[in-house]
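Please treat every number below as a calculation from the coordinates, not as lab data. Predicted, not measured: the structure shown is a model, and the values here were computed from it. Note that each Cβ is placed from the backbone with ideal geometry, even for glycine, and that neighbours are counted across all protein chains shown.
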Ligand SMILES: [Zn+2]
């Protein structure tokens, strides 16, 4: 935050996290870059608004095919390409950017902005922040192609706070306008989140308030897999109990689970007892 209370900055370098997500999704090229940017956007929204909640960000093409990025509260992040669809998401054309999270009172917040053909994620995210969060901000996010799908991914949000005067806003706008593009910063003066933050706030007296770790990861588990199996009709579950072990792959992280009939049987019995 700047010492005059005018601006708050969140910076994130998400290269390793994005590589993990891209490897799990076996995706690369343009779609991989978009997913890496979407993950970064989800992290930035979570940290800007409420770090303790899960933010899900969806980038949807006209036919409803999508990329999904989850920023979970403990710094875990994961991505999904095209859940439930065979054909890939269109990389060009118009899209919708949808942001979902649960509010403290348990209700679901959902914000949607239209992303015009050719608009980048930074533009879409600024619109979202303004429309849905009433946060005026300057945002730069990018993913650069390279080994593992990306060679560098990251971005920042500069958020205007109520203390900001016209003069400091003009000074910040000027400074950001003259700053190297985010793509150059990520491979130059802003290779880490701390460096990026320092460069973006360079002319302004500021203090670093907090840092949070990030990594690729998932919330799946054997218990979750078995819980979802038990939501199937009971005839189907019975069939599984008489068959071979089930090999289940988590769509988000790629983790394989081998569920034997014995495991499923004891799990179901324990659930029946406790309910
Ligand atoms: Zn998983």
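Quick notes on this structure:
So that you can scan it fast, the table gives a plain yes or no per residue for (1) outside any loop (DSSP other than H, G, I, E, B); (2) under 19 Å from residue 39 (Cβ atoms):
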residue	(1), (2)
176	yes, no
202	no, no
251	no, yes
264	yes, no
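- Sole exception among (1) within 16 Å of the ligand (Cβ to nearest atom); (2) part of a loop (DSSP other than H, G, I, E, B); (3) surrounded by fewer than 12 Cβ atoms within 10 Å (Cβ to Cβ) for residue 213, by number: (1)
- Within the range 161-184, being in contact (Cβ under 8 Å) with a residue 24 or more places away in the chain and surrounded by 11 or more Cβ atoms within 10 Å (Cβ to Cβ) holds for 161, 163, 164, 168, 169, 171, 172, 173, 175, 176, 182, 183.
- Residue within the range 257-266 that is surrounded by fewer than 17 Cβ atoms within 10 Å (Cβ to Cβ) and within 16 Å of the ligand (Cβ to nearest atom) present: yes
- Check on residue 190, free of Cβ contacts under 8 Å to residues at least 60 places away in the same chain and assigned to a loop (DSSP other than H, G, I, E, B): no
- Residue in the range 139-160 that is out of contact with any strand residue (DSSP E or B) (no Cβ under 9 Å at 6 or more places or on another chain), over 27 Å from residue 4 (Cβ atoms) and in a helix (DSSP H, G or I) present: yes
- Residue 60 meets the conditions (1) within 30 Å of residue 163 (Cβ to Cβ); (2) without any contact (Cβ under 8 Å) to a residue 60 or more places away in the chain in every case but one. The failed one is (1).
- Sole residue being surrounded by 13 or more Cβ atoms within 10 Å (Cβ to Cβ) and at negative phi, chosen from 247, 236, 195, 202: 195
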